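The values are calculated or read from the model by the stated rules, or taken from the named source; none is laboratory data. Predicted model only: the values in this text are computed from it and were never measured. Glycine gets a Cβ as well: all are built from the backbone with ideal geometry, and neighbour counts include every protein chain shown. Areas reflect the complete protein model, heavy atoms only, side chains present, ligands, DNA and RNA absent. Shrake-Rupley method; radii C 1.70, N 1.55, O 1.52, S 1.80 Å.
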Amino acid sequence: DFGFDMVWLGLDNWGSVRVNALLSYLMEFKQKDPFDGSVELDFAGSASYFGSGLGTSYPEWKATINAAWMVGDFTFNARGRYIGAMDNRLAIEFPGEQFTSPDSTWYWDIAGDWAMTDNVSFKLGVNNVADQDPQVYNPNVQSGTDPSVYDVVGRRVFGQVKLRF
């Protein structure tokens, strides 16, 4: 986390800036081999396939970076979401076989917030601004990806009205 007033840069009345970054690294995720229970496999950095159960993808690297500029009653936000490249889980379960694997990807989101009064605020934003497609890899029988990890919806606009009383 880091923040400063813009006056620090010699810009009076330009508000303040806050930056936040979260980075995670998965060192290991070991499980018994489903076909040979005496062998332990490390699934860190692997993308699941349909038969292994979606939601069991474990990227080694993930990050979220947030930046906010607050000036007067307005706040402007930008967020980057990173998912590292992964190996297809089948390549770990069946060494020597060739399978496609998902590459790393970034998703970018923006939003603006106006605090009209102490009790009323409006927010408008766009998630996945670049309409980044989810990473597709085979075999993933039904979806071609892991929807619990990748953005399968695409670009979307949202709005919010917040009333406090």
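With θ set to phi - 60° and the Karplus curve 6.51 cos²θ - 1.76 cosθ + 1.60, what are the ³J(HN,Hα) couplings of segment 81-88 in order, to the nearest whole Hz, using x for Gly and Pro?
Listing the rounded values in order: 10, 10, 10, x, 4, 9, 8, 5 Hz.
Report, to the nearest whole %, how much of the accessible area of the chain belongs to carbon and sulfur atoms, 1.4 Å probe, protein only.
With neighbouring chains kept in place, the figure for the chain is 56 percent.
Using +1 at the Cβ of each Lys and Arg and -1 at the Cβ of each Asp and Glu in segment 17-123, identify which of TRP69, SER46, SER24 lies farthest towards the dipole's positive end.
TRP69
Kirkwood hydrodynamic radius (Cα pairs, Å) of segment 30-132?
Final number for the Kirkwood radius of segment 30-132 is 16.7 Å.
Could you tally the net charge around SER143, taking each other residue with its Cβ under 13 Å from the Cβ of SER143, Lys/Arg +1 and Asp/Glu -1?
Combined, the nearby Lys, Arg, Asp and Glu give -3.
What number comes out for accessible area per residue over segment 1-89 if the probe is 1.4 Å? Units Å², please.
Dividing the accessible area of segment 1-89 by its residue count gives 62 Å².
Can you tell me the relative contact order of segment 16-67? Whole percent, Cα pairs under 8 Å, sequence separation 6 or more.
Relative contact order comes out at 45 percent.
Short version: ³J(HN,Hα) in whole Hz for each residue of segment 155-161, in order, from phi by Karplus 6.51 cos²θ - 1.76 cosθ + 1.60 (θ = phi - 60°), x for Gly and Pro, what are they?
Using θ = phi - 60°, the values come out as 4, 8, 9, 9, x, 8, 10 Hz.
Taking amide H positions as placed 1.01 Å from N in the peptide plane, with prolines and chain starts having none, which residues 5 or more places from ASN88, or on another chain, fall under 5 Å of its amide H?
Those qualifying (amide H under 5 Å, at least 5 residues apart or on another chain) are ALA47.
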